[in-house]
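Working notes, beginning with the structure itself.
Derivation of every value follows stated rules applied to the coordinates shown; laboratory data play no part. Here the structure is a predicted model, which means the values were calculated and not measured. Cβ sites come from the backbone with ideal geometry, for glycine too, and all protein chains shown count toward neighbours.
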């Protein structure tokens, strides 16, 4: 950083007179063109553009390495466009819009598109890679040591340069002590006396060959693992760098029939592009599959699977109840406290405010876990303090009440803060005017304060609703969806759609990202519709009170 | 003039970029001499990373290679490994539990290892069996663990022979107000299949049948069968509506703490709990989890911690060398034991540490009847529904309908 720091300093002088001279002919244009270039502004510009260039160059290397030319083209174009935009003086509105738009694309649009595209695949455990990856995995995991064969002490050697020369295996027969040299053509015995053998059987030197040490050999790891020396019983392969074994790949892929054959059992598994797996005639699948496009089947599964469609409605209703209860409860409590502290007759408001904000200042993760323990039947604080023996998380309604209580405690300081802010923005003259007109405090609250508060807070309430609708932590860190009906372990009484679908997608056999993506699109649709309707209504309300 | 301004700005921007770029070049420059000797990247959880580091460094200097041990939290390790592996990167060696093998194999994330017979013989037989999957050895084990009954010898001097004995002793202690709970066996609202399994097995239940070659058979599911219903009826009799021995209020978060707080005389847990028990200054003894009188042995699951060779590692030959030749040395197993007191899988290493830690032999003895925790991918379908069925039954639900439903759910999610 030391060299470039002197750079911007000297750069300040050069452009300094620039605007002065270019300015006059353009006086008719916007005033912004007159704005003098300050040293600080220029320095910020240089630093930010330098960062852009630095990040672009940093990102380019892995892209080149992975031969992602499209990604590289996008990167170069974006960077060039940014430089064009900010080095020139025109396109002022774009200068304000572009950073936000770029971040919107990178962190919102791309993930949503990626999720949507994943929803049409079977991406998940056992179906992560390509078909070629699966074939390689099937073949390499089927290499077995030939029964009864021995393992040989191994040295890796070459006739040429240790870093580039073709490799050979020098192996010693543990029984006879004869040293053989092996390469892709086969195994040939070496002249006795041409090799020096260490006590363990490992060849340390051989005439005409350079024996690689561990460092040299491991630098050529891929060559070592790829070297297969054909023998009568199978093939000699390396097991590490100091031992070789005779092994055969029991399963091999045959491109002719697009199938995998097992030479031991004689079974075949034929590739099925629909499911992305090799399937035998009796329906048995090989574990290693690949990612394929499955069309709409993830979506139809959501709609037709009884485990999902059966309890879906009940879960949806509870989900709405939870989101409305959490948002509404915290709003009412927060607003009431804000109103109380807003009263001019209240003393010591700062102390109260500080105390009330405390729950907001604590990490919600830890608080959720502490609340979970406080609701424990036998050891929990709540039952012990009140002398109860309520099985809080064991019954449907007590568990639901418990999670909403926890949300209330966690959420009201936020509502209190925003309501306080909004209340202070409402002129006192308005409420005073109502009291002059003879309205009771309740009437003035109903007719003046609350509507004005709602105009200010509606967007926050909607976003809070959307957040609570998908509040995974609130459930997963407390009840984990419990209690579960005895006959259905996949859907509990306090499950939200998000925790319920998380369990369906990841709690069963293994991670099913494609299925999870399809479900999240459904949830996205529900939340989007609810938010759109609410915002519409808010706008109407604003028109009334504005 | 504007062009000159732009030019100057661009120049300095580039200068800055070059400096930023210089930063990122530095590690690359450092790596290149490393690459000449090869780099071995090992992923382990925090505790094991510390124990492994000196050995990894020794292996590196002995062989002229660089070894990096990277700590990854245990709960993320498997997932992160599978994810980076599917993108063609990641570590060369991974350390983890043996029941990951099924998932790691189906994602093509690990390669088999070839151990000669004499080396295999140096390990505990159960440990080798645990890391064998589809007839192939997929990892080199270093430690094994299983549940046992830890009891407070001040309160309960005699090891109970059956669950009925245990309940009688516990009830007596409770009546004398010496304890508040009869048994600390973690259940929780979601149940805990791992901890209830010894009782389930003792009562005659099973999870998977076995095929002819001794592997677990996902097609023969034991949950939902009459044996499992009978077993859950016995568990229900110990539950909240029965004897009150098993309770949902005792969970993973408070089970050991309740025992160390002397609120119960018996704790069902593994070697990992002994550190807390010792710290609390409780005089304790370890024995096998007792089974039901007249029932089968209360077989706990035996889990094995193991080293794996990553299939997509950049330095597989070196990884194989490290795992097959270096990990099988007793010194490393002893060091790992000292970092995390689980019985070593290497017989020679166990003999070394056995003398100074009598608990180890007792845990091994308690696991004598144990069953290897199934590593087949289908096992992942068991945990959650089985645990919930357990919690429901302990809470007083009807065992027959609950277990039948759990069996259906499990069968539905096994491919």
*Among B:317, B:349, B:122, determine the one that fluctuates most according to a GNM of chain B built with springs between C-alpha atoms less than 10 Å apart.*
B:317
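Expressed as a whole percent, how much of the Cα-Cα distance distribution for chain B exceeds 32 Å?
Every Cα pair in chain B considered, those over 32 Å come to 44 percent.
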*Projected area averaged over orientations for the range B:332-393, convex hull of C-alpha atoms, nm²*: 6.2 nm²
*Can you give the angle from 0 to 90° between the axis of helix B:163-175 and the longest principal axis of chain B, with both taken from C-alpha atoms, to the nearest 10?*
80 degrees
*How high is the relative contact order of the range A:158-309, in percent, with contacts defined as C-alpha pairs under 8 Å that are six or more residues apart?*
12 percent
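Taking square-rooted eigenvalues a ≥ b ≥ c of the alpha carbon gyration tensor, is the range B:74-217 rounded, prolate or oblate, where a/c under 1.5 means rounded and, failing that, a/b exceeding b/c means prolate? Write down the numbers at each step before the final one.
Details: a/c = 2.50, a/b = 2.06, b/c = 1.21.
Cα axes put the range B:74-217 in the prolate bin.
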*What does the convex hull of the Cα atoms of the range A:370-462 come to per residue, in Å³, rounded to a whole number?*
143 Å³
*What FRET efficiency do you get for residue A:262 and residue A:417 if R0 is 51 Å and r is their Cβ-Cβ distance, rounded to the nearest 0.05?*
0.15
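Using the Kirkwood formula over every pair of different C-alpha atoms, what hydrodynamic radius in Å results for chain A? Please report the intermediate quantities before stating the final value.
Numbers: mean 1/r = 0.0316 Å⁻¹.
Evaluated over chain A, this radius sits at 31.6 Å.
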*Mind checking which of B:213, B:146, B:80 has the largest fluctuation in a GNM of chain B, springs on alpha carbons under 10 Å?*
B:213
*Taking neighbour counts of Cβ atoms within 10 Å as a proxy for exposure, in what order, fewest first, do B:85, A:435 appear?*
A:435, B:85
*asked:* I'd like the FRET efficiency for residue B:227 and residue A:96, computed as 1/(1 + (r/R0)^6) with the beta carbon distance as r and R0 of 60 Å, rounded to 0.05.
replied: 0.25
*Across the residues of A:238-248, average count of Cβ atoms on other protein chains within 10 Å?*
5
*For the range A:203-249, what is the convex hull volume of its Cα atoms per residue in Å³?*
91 Å³
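Could you tell me what a quarter of the Cα convex hull surface of the range B:141-181 works out to, in nm² with one decimal place?
Quarter of the Cα hull surface area: 4.0 nm².
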*Can you pull the Rg over Rh of the range B:242-326, Cα-only, Kirkwood?*
1.18
_Residue-averaged [θ]222 nm for chain A, counting only DSSP H segments that reach four residues, each worth -39500 (n - 2.57)_ = -17000 deg cm²/dmol
*In whole Å, how far is the Cα centre of the range B:126-174 from that of the range A:77-95?*
68 Å
*So how far apart, in nm, are the two label points at residue A:349 and residue A:369 if each is 7 Å from Cα heading toward Cβ?*
3.8 nm
*asked:* Per q in 0.06, 0.10 Å⁻¹, report the Debye log10 I(q)/I(0) for the protein assembly as shown, using one uniform scatterer on each alpha carbon and no solvent.
replied: -0.59, -1.34
*Specify the inter-centroid distance of the range A:325-357 and the range A:424-500, based on alpha-carbon positions, in whole Å.*
15 Å
*At 10 °C and 1.306 mPa s, grab the translational diffusion coefficient of the range B:275-415 from Stokes-Einstein with a Kirkwood Rh over Cα pairs, rounded to a whole number in µm² per second.*
84 µm²/s
*Can you tell me the relative contact order of the range B:132-226? Whole percent, Cα pairs under 8 Å, sequence separation 6 or more.*
15 percent
*Selected from B:309, B:403, B:65 as most flexible by GNM, with chain B as the system and alpha-carbon contacts under 10 Å*: B:65
_Rg/Rh for the range A:30-185, where both radii come from Cα atoms and Rh is the Kirkwood radius_ = 1.28
*Cα convex hull of the range A:432-546: how many Å³ per residue?*
143 Å³
_Rounding to the nearest 10 and keeping the result within 0 to 90°, find how far the Cα-based axis of helix A:92-104 lies from the longest principal axis of chain A._
60 degrees
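What is the ratio of the Cα radius of gyration of the range B:145-278 to 2.2 N^0.38 Å, where N is its residue count, to two decimals?
Details: Rg = 15.9 Å, N = 134, 2.2 N^0.38 = 14.1 Å.
Dividing the Cα radius of gyration by 2.2 N^0.38 Å gives 1.12.
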*Stokes-Einstein D (µm²/s) once Rh is taken as the Kirkwood radius of the range A:129-280 over alpha-carbon pairs, at 10 °C in 1.306 mPa s*: 94 µm²/s
*What is the distance in Å between the Cα centres of the range B:366-415 and the range B:200-259?*
7 Å
*Other chains near A:51-58: what is the mean number of their Cβ atoms within 10 Å of each residue's Cβ?*
5
*Rounded to the nearest 500, what is chain B's calculated 222 nm mean residue ellipticity when only DSSP H runs of at least 4 contribute -39500 (n - 2.57) each, over all residues?*
-14500 deg cm²/dmol
*Please express the Cα-Cα pair-distance distribution P(r) of the range B:109-174 as a list of whole percents, one per 5 Å bin, running from 0 to the bin with the greatest distance.*
3, 13, 19, 12, 7, 6, 8, 11, 10, 7, 2
_the range B:58-158: C-alpha pair distances exceeding 21 Å, %_ = 51 percent
*For q = 0.23, 0.24, 0.28, 0.30 Å⁻¹, what log10 I(q)/I(0) does the range B:210-259 give under the Debye formula with an equal point scatterer on each alpha carbon and no solvent?*
-0.85, -0.87, -0.98, -1.04
_Cα-Cα separations in the range A:223-289 greater than 15 Å, expressed as whole percent_ = 61 percent
*What percent do you get for the relative contact order of chain A when only Cα pairs under 8 Å and 6+ apart count?*
13 percent
